[in-house]
Protein chains: 2
Amino acid sequence: MAFPKSWLPIPPKSPFSIANIPFGIISTAANKTPHPAVAIGDNVLDLRIFAENKGFSASTVIEKEKDVFSKLTLNAFAALGRPFHREVRKYLQEVFTENSPYASLLEKNESLRQQALIQLKDADTHLPLEIGDYTDFFAGRNHAFNVGTLFRGPENALQPNYEHIPVAYHGRASSVVVSGTALKRPWGQILPDPKAEPKVPIFAPCRRLDIELELGMFVSRGNELGDSIDVNKAHEHIFGYVLMNDWSARDIQTWEYVPLGPFNAKNFGTTISPWVVLADALEPFSSTGLQNTTQLQSYLQENKKNNVIDIDLEVDLKTASGISTTIIRTNARKLLWSWPQMLAHHSVSGCPLRTGDLFGSGTISGEESGTQGSLLEQIQGGKVTLKLNGGEERKFLEDGDTITIRGWSGEEGALVGFGEAVGTILPAVSRK
Amino acid sequence: MAFPKSWLPIPPKSPFSIANIPFGIISTAANKTPHPAVAIGDNVLDLRIFAENKGFSASTVIEKEKDVFSKLTLNAFAALGRPFHREVRKYLQEVFTENSPYASLLEKNESLRQQALIQLKDADTHLPLEIGDYTDFFAGRNHAFNVGTLFRGPENALQPNYEHIPVAYHGRASSVVVSGTALKRPWGQILPDPKAEPKVPIFAPCRRLDIELELGMFVSRGNELGDSIDVNKAHEHIFGYVLMNDWSARDIQTWEYVPLGPFNAKNFGTTISPWVVLADALEPFSSTGLQNTTQLQSYLQENKKNNVIDIDLEVDLKTASGISTTIIRTNARKLLWSWPQMLAHHSVSGCPLRTGDLFGSGTISGEESGTQGSLLEQIQGGKVTLKLNGGEERKFLEDGDTITIRGWSGEEGALVGFGEAVGTILPAVSRK
């Protein structure tokens, strides 16, 4: 898709091209109260300042809702629904376009430009939405197969329900953190030898600390208790997407997860990228996911099959030495279940979804070596070692390791990217 | 414990004696915006009106925080911490005491009495707190054993981790509803014959709809990300308790729960009683739980062992015919893990707890027939039938059935009770 040129210099490799316009929550030295902004090139447009200074005055539709740009989170904006988000994105694209009829609003308004256009590096980012509930799906079929193979062999790798149900569990909303938040290595109960009998745990810091590469999705509008979301109308309930690292303490998980699922193995932290890329911005990159040959129940049958998104994903591991290695390259298409199917399944019981609910896709893995979204898969459960640049090796994460996820769709000059989801592992604190 | 007599007539069987003073959120015909109140006898004291009319003027400590009594939820009040809750409860007990020095505040202030003292039946109750995250534990050892026996036999009934870990899963906060909210029978994927191969589900309304009798606990103050709560200081993090019915779709659960735990089987609704009984009000009824002979990890070792609560619990099932039967009588002591142990375990990974987080105890079952907290246990997995008054029988719930949970501690005249947690099952709506 051809996008107009901007009067604002935007580096061609910027994830925040004029084709994107992602929304986030920032604070600055001058404005310490968190408030909405969009990222564009190496800048952010402070939407609170822009809205307060008649930036949206050329649209009566937007102008009358401009208070949503003064809130602490994007929830009020998200709740206005996808047609409104579409309108605001188009409007802001116009504002940044060269020779636009909107030039007087920002381009030719030097005073407002100086106030509202801030360098990206000078803006602190915060959690973009207040998360009501966080649900983590398990839609990465390759990951489910790889991990199932490690535990039960390839014949029984996938549970019998896997291709019938978009399997999910409720995650912990309070520990979802924005990119840049360091996490302390978690303590927990661990079996020193999972095969020894009787099973007697020790209490220790996690020794098998892993990552899970996921895509996150925020709900714009939900459903009432007892109602459900039609799979073929579900796309209207999507606000946008973020990158996600679902940090996982494998040793804690092994001991705790039967019969009620993962708990402390996951709830010490989940990192998301700060900029929510709108569903509309990613619409041109709709794609088909992994094939499911199982006959699906009616509520999961989609008229359109292209409801996952073609997003290139990369993960870097930087050790305390400062040397970085790209350890994963994969794509967000590698899902068995689409986002509308996840929405339909989650609500089919009558469970109410709300603005600001966060869904994780589950770990995204490709088929080839180096495309798997977790260390557990990459090291084949411990059989092999990951070789890093500079000569270091890893099985699981060590203290001081920094994980950076990047993701983008499209071509240079018109990238629709997420920026980064970054997290560093700090040493465990004393707990005894 | 002897409590003073009130100038307000309080029926001796009222759960809301002067020894109690539970907090909730009400609205009335005159004041439709939800706001805080306490229940006392057949009345509620509207705390917004009371606070706005100098009701708390005899305490500078309370007076300066009186804005918390004008909020939509109890979160701001809960966040002030247990010493503050203690102060307010004592103050209100004094206000209701005969011949109290506080008589001028309400007893002798007819105008305020007429505004602020409202009949309980004229107050609509709402969710008392905005729930950040809801976590459901599995601390009812008898329930875990009974259900484990049904699935795996008595030898393997309890998982190897059960007596080491206060096992829990993250529940769904958005579907926690206040007493009186009717729930539609949920739809979901069900195996018509769980033993048949291959396993092919159908899509249908739940056929094995069950209840789970639990106690709920609200967190007053939490902990920061990366920190943890000391088991021996954890009682200071408790705001109070409610009754809980963790409705469960057993057939949906059977098919969906491996490997990530229950999801749609639970997230269609969880009913809680409207009045939060403060931790302090229940302190005199502290008790020891079920014995755990396993050597516990240091972070779970309590100096005081009496950290569960002696609360008599009853469950009535009323059919559409209007005839009611008490189907369960048990006690909230029947837990293997205490509330401080649950708080310590949940946070030991560094997971942040927040004001308004809700914990469920897990299903509470005694040892004898009729004391088990779910239908699944009472009907021994389906082998027997529950006989109801009026000649009806039940295995699982039918449309039009109403479940009422009651709970109380103490003696007539000084009851510390919860009132009721009530829910009616409505027929499934069309989903095809």
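The values are calculated or read from the model by the stated rules, or taken from the named source; none is laboratory data. Quantities reported herein were computed from a predicted structural model and do not represent experimental measurements. A quick note on method: Cβ atoms are made from the backbone with ideal geometry, for glycine too, and the neighbour counts reach across all protein chains shown. Note: areas computed on protein heavy atoms with side chains; ligands, DNA, RNA excluded. Shrake-Rupley method; radii C 1.70, N 1.55, O 1.52, S 1.80 Å.
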Dipole moment magnitude, nearest 20 debye, the protein assembly as shown about Cα centre, only Lys, Arg, Asp, Glu C-beta charged: 160
Cβ-based charge dipole, region B:134-426, positive-most Cα from B:Leu215, B:Thr270, B:Gly226: B:Thr270
In order through region B:150-156: 3J(HN,Hα) via Karplus (6.51 cos²θ - 1.76 cosθ + 1.60), integer Hz, x for Gly, Pro: 4, 8, 10, x, x, 5, 10
Proximal aspartates and glutamates relative to B:Lys266, as straight alpha-carbon distance under 13 Å, when same-chain residues fewer than 8 apart are discounted: B:Asp136, B:Asp210, B:Glu212, B:Asp246, B:Asp251, B:Glu256
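Counting only protein chains, not ligands or nucleic acids, how are A:Asp310, A:Asp316 ordered by accessible area (probe 1.4 Å), most first?
Values: A:Asp310 60, A:Asp316 25 Å².
Sorted by accessible area, descending: A:Asp310, A:Asp316.
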Hz values of 3J(HN,Hα) by residue in region B:158-172 - Karplus curve (6.51, -1.76, 1.60), Gly and Pro given as x: 8, 5, x, 7, 4, 8, 9, 10, x, 4, 7, 9, 6, x, 9
Spin-label model distance (nm) - A:Ile323 vs B:Ser104, 7 Å beyond Cα toward Cβ: 8.0
Förster radius 41 Å - calculated FRET efficiency between A:Asp399 and B:Asp67, Cβ distance, rounded to 0.05: 0.40
Residue of B:Val200, B:Val416, B:Val315 that the Gaussian network model of chain B assigns the largest fluctuation, springs spanning Cα pairs under 10 Å: B:Val200
Listed residues B:Leu335, B:Ala320, A:Ser14: farthest to the positive end of the dipole of the protein assembly as shown (Cβ charges): B:Leu335
Rounded Å value of the spacing that divides the Cα centres of region A:110-132 and region B:216-248: 36
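Counting only other residues whose beta carbon sits under 12 Å from that of A:Arg141, what net charge do I get with K and R as +1, D and E as -1?
Summing Lys and Arg as +1 and Asp and Glu as -1 gives 0.
State the percentage of accessible surface on chain B attributable to carbon and sulfur atoms; use a 1.4 Å probe and exclude ligands, DNA and RNA. Intermediate values should be presented prior to the final figure.
Details: 7750 of 15930 Å².
Taking all protein chains in place, chain B shows 49 percent carbon and sulfur surface.
Of A:Lys195/B:Lys395; A:Lys199/A:Lys318; A:Lys13/A:Lys334; B:Lys318/B:Lys383, which sit over 31 Å apart, Cα to Cα? Kindly include the intermediate steps, with their values, before the conclusion.
Working: A:Lys195/B:Lys395 40 Å; A:Lys199/A:Lys318 36 Å; A:Lys13/A:Lys334 25 Å; B:Lys318/B:Lys383 22 Å.
Pairs exceeding 31 Å: A:Lys195/B:Lys395; A:Lys199/A:Lys318.
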FRET efficiency for A:Asn292 and A:Leu386, using Cβ-Cβ distance with R0 set to 25 Å, rounded to 0.05: 0.20
Options A:Ala139, A:Gly153, A:Phe203, ranked by Cα towards positive dipole end of region A:102-205, top entry (Cβ charges): A:Phe203
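List the chymotrypsin sites (Phe, Trp or Tyr not before Pro) within region B:105-199 that fall in a DSSP loop (any state other than H, G, I, E or B) and whose Cβ has at most 16 other Cβ atoms within 10 Å. Write down the numbers at each step before the final one.
Details: sites: B:Tyr134, B:Phe137, B:Phe138, B:Phe145, B:Phe151, B:Tyr162, B:Tyr169, B:Trp187; in loops: B:Phe138, B:Tyr162.
Counting only loop positions with at most 16 other Cβ atoms within 10 Å, none of the chymotrypsin sites (Phe, Trp or Tyr not before Pro) in region B:105-199 qualifies.
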Surrounding net charge for B:Asn292, when Lys and Arg each add one and Asp and Glu each subtract one, Cβ distance under 11 Å: 0
Set A:Lys32/B:Lys64; A:Lys64/B:Lys184; A:Lys304/A:Lys387 screened for pairs whose C-alpha atoms are more than 30 Å apart: A:Lys64/B:Lys184; A:Lys304/A:Lys387
GNM flexibility winner over chain B from B:Ser369, B:Ser220, B:Ser338 (Cα, springs under 10 Å): B:Ser369
Cα-centred dipole magnitude for chain B, charges only on beta-carbon of K, R (+1) and D, E (-1), debye, nearest 20: 540
Max mean-square fluctuation residue, GNM over chain B, Cα-Cα springs under 10 Å, options B:Ala157, B:Ala116, B:Ala249: B:Ala157
Centroid-to-centroid separation of region A:12-39 and region B:342-401 [C-alpha atoms, Å]: 48
Total charge dipole magnitude, region A:361-432, about the Cα centre, Cβ charges on Lys, Arg, Asp, Glu only, Debye to nearest 20: 460
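In percent, what relative contact order does chain B have, based on Cα pairs under 8 Å that are 6 or more apart in sequence?
Values: 1047 pairs, mean separation 94.4, N = 432.
Here the relative contact order equals 22 percent.
Averaged across B:158-167, how many Cβ atoms of other chains sit within 10 Å of each residue's Cβ atom?
Values: counts 0, 6, 8, 10, 2, 0, 8, 8, 1, 7.
Mean shielding by partner chains, rounded to a whole number: 5.
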Other-chain or far-sequence residues with amide H under 5 Å of A:Gly222's (modelled H): A:Thr355
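Which loop trypsin sites (Lys or Arg not before Pro) in region A:223-275, with loop taken from DSSP, have no more than 14 other Cβ atoms within 10 angstrom of their Cβ? Walk me through the numbers on the way to the answer.
Working: sites: A:Lys233, A:Arg250, A:Lys266; in loops: A:Lys233, A:Lys266.
When the trypsin sites (Lys or Arg not before Pro) of region A:223-275 are filtered for loop state and at most 14 Cβ neighbours within 10 Å, A:Lys233 remain.
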Cα gyration tensor shape of region B:109-174, rounded if a/c is under 1.5, else prolate or oblate by comparing a/b with b/c: prolate
